[in-house]
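Undergrad: Encoded as structure tokens, here's the structure I'll be asking about.
The values are calculated or read from the model by the stated rules, or taken from the named source; none is laboratory data. Since the structure is predicted, the reported quantities are computational estimates derived from the model, not experimental observations. Note that each Cβ is placed from the backbone with ideal geometry, even for glycine, and that neighbours are counted across all protein chains shown. Remember, those area values only see protein heavy atoms, side chains included, never the ligands or the DNA or RNA. Shrake-Rupley method; radii C 1.70, N 1.55, O 1.52, S 1.80 Å.
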Amino acid sequence: MIAQARQALRAGQHAQAAVGLRAALSLWRGRPLADVPCDHLVVQHVPRLEELRLQAVEGRIEADLHCGRQADVITELRALAGAEPLRERLHWLLMLALYREGRQADALAAFRNARRMLIDEIGVEPGAELRQLHERILAADPVPAEGMTIRPAAAPGPPVIPRQLPAALAHFIGREPELDRLDAMTSDTGGAAGTALIAVISGTAGTGKTVLAIQWAHRVASRFPDGQLCLNLRGFGPDAAPVSPGEGLGLFLEALQPSVPPPSGLNARMNLYRSLVAGKRLLVVLDNARDADQVRPLLPGSPGSMAVITSRDWLAGLSATDGAQLIKLDILAETEARALIAARVGPVRARREPDAVVEITELCGRLPLALAVAAAKAAARPALPLAQLAAEMQDPRDRLDALDAGDFAASARSVFSWSYACLTASSARMFRLLGLHPGPEAGVHAAASLAAVPARQARGMLEELARSNVVAETAAGRFAMHDLLRAYARERAEAEETAEQRHAATHRMLDYYLHAAHVMSLRLYPPRTPITLASPRPGVLPEDLGTYQQAWVWAEAEYPVLLGMVALAPDGGFPGHAWQLAWALETFLSRRGRWDELGDVQQLALHAARGEGDATGEAHARCGLGWTCVLQGRYDPGRVHLEAAADLFRLLGDASGEARARVRVGNAFWRQGRYAEARQSAEHALELFCACGDRAGQAGALNNIGLLHIQLGAYERGLDCCQQSLTMFCELGYRRGEANALDSLGEAYRRLGRTADAIACFRQSLSAFRELGDQANQAEILTHLAAARQADGNIRAARDCLRRALAILTELKHPDAAQVHAKLRELDPAPPARQHGQRAGDRAIVVP
């Protein structure tokens, strides 16, 4: 509905727009997701939705003002401006409404109030629009009152109206948010701020910046009746040198005054250009700009005009000094990418092979240029199955060849090369080396290690790459590269770096991730016995992970990269790194419930270790892989791997490793309801932990033995073992162990009928897991607390615990979500007729 109303606004149908926006806003029901207990959804989506609502409110008020209803909106605008004091558009509308109502003094007071709030809150003066409106109100200018633009008297003779826009693209898909932003800049009051409007469309090579600018320019050409100027500045490309400002001004002057030769000299041309465009409504498209200095002399100075600039560079200086609005262009959405392919190859052909269309869009990384080239090649070969085209693009090394339509402008490799050629030597080297990185992101320390440079120097290089839009800073200090650009970067690395240089850079990169991941694992699980690592290569920059929280945050950001490193290490000639990285990832992936990924890396680790005849690596990989099988419910193959791991650890003389494998064997028995065998394994593990002096292992084994006694009905004996475990964990200062032991004590108390003690223990355990950021265990403890609450007769509290557990498990995509949902249905709307016992396997044994 908002989109339809915006079309009405653009067409000057203000009454219709006001009605449409009122109808759209009537569907608003308060803060989005207010009753959804998911911080991720709230953080990701609520600001966008609320911004959409505010934009709709502003649009509706603007439409009302065009309809002469300023008296009706003043009170509403005061409230909105008070609630959103930093939103200058609301203050602007309030001032305009007051002035049109004949309340000049109140309009000026509204400006003073807005200025005071902006200075007090963020220490800045009002923007150009507010200041210019203030000046016009002071001068009693009729423009704000009447909503008209004053035009100078026309010069004698017929005016010259340039129409330089190239043809628009026949199949233009998507980009609605960017088109809306550009449209919003050209509202009826948009040019009344005293200066021309400036929009900068930036993005990596191939995102369709020029296509967007030209498409939008054609859509709004009627709003600029004095003409449209368009110039390719050749900032990036295979052509001659970039167009100089003087050359560009000469071309514009020839278009505006074809019969008069342009004057010589940059200043003379600039002054004449500004004189000719003064008072006009002119659209200037400056395509493919190199930098801000190339653009500034070509900007129109008239308030009724607008400049749209495209560049691979941010041109952030134009925003800081010239008030330009920056529009960052990214890849297409999935539906838009598929629609583009279908539009080019034909809807019948696309419907015939929908899976191939999806595959092609993903292989192209949804980059518009790549999609257009792939679709053009398919259209040129109508008998070619789309699946075969997708097959030709599978190998990243061949993909750039496949995405070449035969000329410079339609070749992904050529277009990327133009950006690469403009980089400084040091940043070009960083770009090449990033081609060795598997992605999806690299932090500053990782990039510094890859290039063997200090962190500050690496950041400078990455920032240059980001300004050139060959990488994107996705979060503070984290940089991502499009898959096709990564393939091109790897090509450049193979062409310009020797095999020894590439091998050394890969070694440094793997060393950085391995040593950081090793520290991360020990921070998350302090009692864990570390593995022996070789010293990192010179040039590797260590990561500061001094606390549990720092380690967890680093792991959350880096684990997708670490998964790629495990796969890359054996192929790069570093099989030892593969199993060591998998070992380091085990704790984090287990706690995050990412068992499929844990299984994948442990399988790769096992293959790499066995290929090298590394018994230590094989023992650790089998132990991790067996544990993954147990977590996934594949108990028999899990025990096979764990028994093999225990045997290997025994041969290696690693009693702690053998004990850990025995604990996990016991866990498999536990989950199958084979409690006697589970207890035997746990007691064997306790003996081994005692023999090697591993007190954390002893405490964990005691807790497991206690849980098994509880399961077998020996509640008092189980209570005693769990209490011993808690005491040892408290002495060690191991918070996670305390949380597990408290959970076990809570279960013992629940079985003994001491419900209040059980609830107290579960609450303490839940609090500890919250401190640790362990969502999976929080969900498990909440289900235990729900059982205790149900036993206590508080069904409402039990339901609340289960709902909270279900929300966590659903967000984690955890397989236990269905089981918790079933329990919740049993309690809702009425309590069950009888209390259900704990199902074997609901509770996870502690694994040292």
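Undergrad: Hey, can you tell me all the residues within region 530-560 that are among the hydrophobic types (A, V, I, L, M, F, W, C), in a helix (DSSP H, G or I) and farther than 16 Å from residue 438 by Cβ?
TA: 551, 552, 553, 554, 555 - these are the residues of region 530-560 that are among the hydrophobic types (A, V, I, L, M, F, W, C), in a helix (DSSP H, G or I) and farther than 16 Å from residue 438 by Cβ.
Undergrad: Within region 248-325, which helices (runs of 4 or more DSSP H) (wholly inside it) include 2 or more residues that are buried (at least 16 other Cβ atoms within 10 Å of the Cβ) and in contact with a Lys or Arg (Cβ under 8 Å, 6 or more places away or on another chain)?
TA: Once the helices (runs of 4 or more DSSP H) in region 248-325 are filtered for at least 2 residues that are buried (at least 16 other Cβ atoms within 10 Å of the Cβ) and in contact with a Lys or Arg (Cβ under 8 Å, 6 or more places away or on another chain), what remains is 316-322.
Undergrad: If you scan region 441-458, which residues turn out to be in a helix (DSSP H, G or I), more than 20 Å from the chain's Cα centre (by Cα) and within 25 Å of residue 563 (Cα to Cα)?
TA: The answer is 448, 449, 450, 451, 455, 458.
Undergrad: Just checking, does region 604-618 include any residue being on the phi > 0 side of the Ramachandran plot and either in a helix (DSSP H, G or I) or in contact (Cβ under 8 Å) with a residue 24 or more places away in the chain (or both)?
TA: No: region 604-618 contains no residue that is on the phi > 0 side of the Ramachandran plot and either in a helix (DSSP H, G or I) or in contact (Cβ under 8 Å) with a residue 24 or more places away in the chain (or both).
Undergrad: Applying the selection to region 459-486, what residues are out of contact with any strand residue (DSSP E or B) (no Cβ under 6 Å at 6 or more places or on another chain) and in a helix (DSSP H, G or I)?
TA: Within region 459-486, 459, 460, 461, 463, 464, 465, 467, 483, 484, 485, 486 meet the criteria.
Undergrad: Then there's this: Within 22 Å of residue 589 (Cα to Cα), in contact (Cβ under 8 Å) with a residue 60 or more places away in the chain, surrounded by fewer than 23 Cβ atoms within 10 Å (Cβ to Cβ) and hydrophobic (A, V, I, L, M, F, W, C) - does that describe any residue in region 722-740?
TA: no
Undergrad: How about region 645-655: which of its residues are open to solvent by 10 Å² or more (accessible area, probe 1.4 Å) and closer than 12 Å to residue 620 by Cβ?
TA: 648, 652, 654
Undergrad: Next up: Does region 506-529 contain at least one residue that is hydrophobic (A, V, I, L, M, F, W, C), free of Cβ contacts under 8 Å to residues at least 60 places away in the same chain, in a helix (DSSP H, G or I) and open to solvent by 20 Å² or more (accessible area, probe 1.4 Å)?
TA: yes
Undergrad: If residue 149 meets every condition in (1) open to solvent by 40 Å² or more (accessible area, probe 1.4 Å); (2) at pLDDT 80 or above apart from one, which number is that one?
TA: Just one mismatch for residue 149, condition (2).
Undergrad: Output the number of the condition that residue 672 fails; it satisfies all remaining conditions of (1) open to solvent by 20 Å² or more (accessible area, probe 1.4 Å); (2) modelled with pLDDT of 90 or more.
TA: Unmet for residue 672, out of (1) open to solvent by 20 Å² or more (accessible area, probe 1.4 Å); (2) modelled with pLDDT of 90 or more: (2).
Undergrad: Counting just the residues of region 1-24 that are touching a residue at least 24 places away in the same chain (Cβ under 8 Å) and open to solvent by 80 Å² or more (accessible area, probe 1.4 Å), which one comes out farthest from residue 222 (Cα to Cα)?
TA: 22
Undergrad: Conditions first: (1) in contact (Cβ under 8 Å) with a residue 24 or more places away in the chain; (2) within 30 Å of residue 11 (Cβ to Cβ); (3) open to solvent by 60 Å² or more (accessible area, probe 1.4 Å); (4) assigned to a helix (DSSP H, G or I). Residue 27 passes all but one, so which condition is the exception?
TA: Condition (4) is where residue 27 drops out.
Conditions (1) touching a His at 6+ places or on another chain (Cβ under 6 Å); (2) among the hydrophobic types (A, V, I, L, M, F, W, C); (3) at pLDDT 90 or above, marked per residue:
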site: 286; (1), (2), (3): no, yes, yes
site: 297; (1), (2), (3): no, no, yes
site: 308; (1), (2), (3): no, yes, yes
site: 313; (1), (2), (3): no, no, no
site: 318; (1), (2), (3): no, yes, no
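Undergrad: I would also like to ask the following. Among the candidates 682, 699, 655, 691, which residue alone is touching a residue at least 12 places away in the same chain (Cβ under 8 Å), under 27 Å from residue 514 (Cβ atoms) and small (Gly, Ala, Ser)?
TA: Going through 682, 699, 655, 691 in turn, just one is touching a residue at least 12 places away in the same chain (Cβ under 8 Å), under 27 Å from residue 514 (Cβ atoms) and small (Gly, Ala, Ser): 655.
Undergrad: Residues in region 286-296: is at least one more than 19 Å from residue 473 (Cβ to Cβ) and among the small types (Gly, Ala, Ser)?
TA: Yes; the residues of region 286-296 include at least one that is more than 19 Å from residue 473 (Cβ to Cβ) and among the small types (Gly, Ala, Ser).
Undergrad: In addition: Can you tell me how many residues within region 517-552 are over 16 Å from residue 589 (Cβ atoms) and hydrophobic (A, V, I, L, M, F, W, C)?
TA: Total satisfying the criteria: 7.
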